[in-house]
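Let me begin by presenting the structure, written as structure tokens, before commenting on it.
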Amino acid sequence: MENEYTIVMRDLHKSYNGKVVVDGVNIHVKRGEIYGFVGPNGAGKSTVMKMLMNLTRPDSGEITVWGEKIGDDSFECLKRIGSIIESPYFYEKITGRQNLNLHCEYMGFHNKERIDEVLRLVGLQEIEGKTVSHYSMGMKQRLAIARAILARPELLVLDEPINALDPEGIREMRMLFKRINRECNTTILISSHILSEIEQIADTIGIIQNGRLLQETAMSEIHKRQTDYIELAVEDAGLACCLLEEKLGIRDIKAVSGHVVEIYDPAVSVGEIAAVLVWEDMVILGIGRKQKSLEDYFFQALQGKGEAS
Ligand code: ADP
């Protein structure tokens, strides 16, 4: 069972100056998946990822990667991980390629063709002559991604890797991560403070808030539960609810405001609803099928739940 998971974190705790920033976090990242680690700024994502990379120590709890407990003698294990943690550091007075060369030497990875390949993959091949001091934030972020994937890691740990990019750059990098995941079977743990940024690529989502992991759910499960519904706008929402309950026997219906009704009965069609209301001389201001966004889903799931097991 255990080796189904690349990363397992058990009951992690961390405080800074008496302030609890990671509070009993349990995380399970399956082999070969993309795990989206989401939470507002200050929720504790970077701290968890730093503990994973042994850059800071948990006060209690443990982290295993490929079954091996992370600690000061995990060098070999950490070498198999590519990472971006907080703002990546580069030597500013040399070019991106020279920075990647240095990284190769540090990692004992000698494959100069791979440098060309990663520069191309992240779209930096055109700016060969530039020193890093002349890079924009977005270019530095691309270089950080290039460095993280350079030595063909089996696991990628990416802390907010795309926040300095424009929408097109975000899309490109998302596709790149997906490709690396599918083609190289690389497990990816990626954090973001924007759920919609990674919901399209993640297989599992973990939500952290105030240092506590609130939910850890497979996207397939979320899609199953993400409900389709019909939204209806009328002059009198209460009256429309009564009529639809009475005439069509709909039970799962609610007036969300004086004018808007939501109908969750999958058996009933927009046409049937419209026909009943027109028959009853009600004016329909709007009607159509909608789907709850992932934000709505989590918001609903967390209300009344507080936290996940
Ligand atoms: P996130 O990555 O989700 O934005 P962080 O893990 O960076 O969150 O931070 C979580 C909390 O821990 C924040 O309140 C932050 O100020 C605090 N924190 C992080 N690192 C340190 C540190 N080295 N010393 C003191 N407080 C810290």
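The values are calculated or read from the model by the stated rules, or taken from the named source; none is laboratory data. Because the structure is a prediction, the values reported are computed rather than measured. Heads up, the Cβs are rebuilt from the backbone with ideal geometry, glycines too, and the neighbour counts pull from every protein chain shown. Each accessible area value is taken on the protein alone, full model and side chains, heavy atoms only, with ligands, DNA and RNA left out. Shrake-Rupley method; radii C 1.70, N 1.55, O 1.52, S 1.80 Å.
Points worth noting:
- Euclidean distance between Cα centres, region 142-165 to region 198-239, Å: 28
- Cα radius of gyration and Dmax for region 227-291 (Å): 10.1, 29
- Exposed loop positions in the chain were taken to be GluC sites (Glu not before Pro) whose DSSP state is not H, G, I, E or B and which have at most 14 other beta-carbon atoms within 10 angstrom. Between these positions, the longest stretch is 129-234.
- Estimated FRET transfer efficiency when R0 is 22 angstrom, pair Lys292-Asn41 (beta carbons, to 0.05): 0.35
- Sparse packing (at most 11 other Cβ atoms within 10 Å of the Cβ) combined with a DSSP loop state is found for the following chymotrypsin sites (Phe, Trp or Tyr not before Pro) in region 1-89: Tyr89.
- Here the ratio of the Cα radius of gyration of the chain to 2.2 N^0.38 Å is 1.25.
- Summed residue charge, Cβ within 11 Å of Gly82's Cβ, Lys/Arg positive, Asp/Glu negative: +3
- Computed over protein heavy atoms with a 1.4 Å probe, the accessible surface of the chain works out to 51 Å² per residue.
- Estimated [θ] at 222 nm from DSSP helical runs (n ≥ 4, -39500 (n - 2.57)) normalised by residues in the chain, nearest 500: -10500 deg cm²/dmol
- Accessible surface of the chain [probe 1.4 Å, protein heavy atoms]: carbon and sulfur percent: 49
- Above-threshold pairs, the threshold being 29 Å between Cα atoms, out of Lys30/Lys130; Lys112/Lys178; Lys45/Lys93; Lys14/Lys292: Lys30/Lys130; Lys45/Lys93; Lys14/Lys292
- Relative packing of peptides 188-195, 78-85 - highest average C-beta neighbours within 10 Å first: 188-195, 78-85
- Neighbour cut-off at most 11 other Cβ (10 Å), DSSP loop, trypsin sites (Lys or Arg not before Pro), region 91-179: Lys93
- Reach of Lys69 by Cα under 19 Å, taken over aspartates and glutamates that are not fewer than 8 positions away in the same chain: Glu2, Glu4, Asp11, Asp59, Glu154
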